Amino acid sequence: MKKIIIINGPNLNLLGKREPTVYGTQSFESYFESLKEQFGGAIVLEYFQSNHEGAIIDKLHEVGFSYDGIVLNGGAYTHTSIAIADAIAAINTAVVEVHISNVYAREAFRHHSYFSANCKGLIVGLGLQGYSLAILSFVLGTNANG
Ligand code: DQA
């Protein structure tokens, strides 16, 4: 079975409570249960969250040579962290970058991602459903031909 991990960065532990008009009212733990129901029979699905840049890098190193896919929402580190961008480039496992909100409809500092160029693809602005679509892309094994 394919092994896929979701990695969430800073402040995403507060989903459900944090700025609900932007990020919704559902906690990630509760959403993760529905993801496991959706995909549990087809893949091994794991979840990791950290508010610490180095911990995210350590996790990318740990999984990035054996897992089949990484779904990464780096939160604000997306816009600041060359170190996480380097870690994405360093590993073998493909990364799909996810943002719950449409970062391009928000402040200008959210329009640049250090990660995107090193990622397989991006899903932005589709709410929590973006995680499901990112996982689906690994399950289906999409390539440049779709
Ligand atoms: C976010 C967008 C980032 O700009 C922000 O810092 C976050 C969440 C999103 O999922 O929409 O923490 O990654």
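Summary of computed values
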{"read-out": "Qualifying residue in the range 48-66 (condition: open to solvent by less than 10 Å² (accessible area, probe 1.4 Å), in a strand (DSSP E or B) and in contact with a helix residue (DSSP H, G or I) (Cβ under 6 Å, 6 or more places away or on another chain))", "value": "no"}
{"read-out": "Some residue of the range 39-49 being touching a Gly at 6+ places or on another chain (Cβ under 8 Å) and either more than 15 Å from the ligand (Cβ to nearest atom) or not hydrophobic (A, V, I, L, M, F, W, C) (or both)", "value": "yes"}
{"read-out": "Scan of the range 91-137 for residues that are among the small types (Gly, Ala, Ser), over 13 Å from residue 77 (Cα atoms) and either in contact (Cβ under 8 Å) with a residue 60 or more places away in the chain or open to solvent by less than 60 Å² (accessible area, probe 1.4 Å) (or both), ordered by number", "value": "94, 101, 121, 125, 127, 130, 132, 134, 137"}
{"read-out": "Residue ID - most open to solvent (accessible area, probe 1.4 Å), chosen from residues in the range 67-81 that are near the ligand (Cβ under 10 Å from one of its atoms) and among the small types (Gly, Ala, Ser)", "value": "76"}
{"read-out": "Enumeration of residues in the range 4-21 that are crowded, with 21+ Cβ neighbours inside 10 Å and assigned to a loop (DSSP other than H, G, I, E, B)", "value": "9, 15"}
{"read-out": "Filtered residues of the range 67-92 (kept if touching a helix residue (DSSP H, G or I) at 6+ places or on another chain (Cβ under 8 Å), of a type outside the set (Gly, Ala, Ser) and not in a helix (DSSP H, G or I))", "value": "68, 70, 71, 72, 73, 91"}
{"read-out": "Extreme residue, least open to solvent (accessible area, probe 1.4 Å), among residues of the range 28-47 that are of a type in the set (S, T, N, Q) and either closer than 16 Å to residue 98 by Cβ or touching a helix residue (DSSP H, G or I) at 6+ places or on another chain (Cβ under 9 Å) (or both)", "value": "34"}
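The values are calculated or read from the model by the stated rules, or taken from the named source; none is laboratory data. The structure presented is a predicted model; accordingly, all values stated were derived computationally and were not measured. In this analysis, Cβ positions are derived from the backbone assuming ideal geometry, glycine residues included, and neighbour counts consider all displayed protein chains. These area figures cover heavy atoms from the full protein model, side chains too; ligands, DNA and RNA do not enter into them. Shrake-Rupley method; radii C 1.70, N 1.55, O 1.52, S 1.80 Å.
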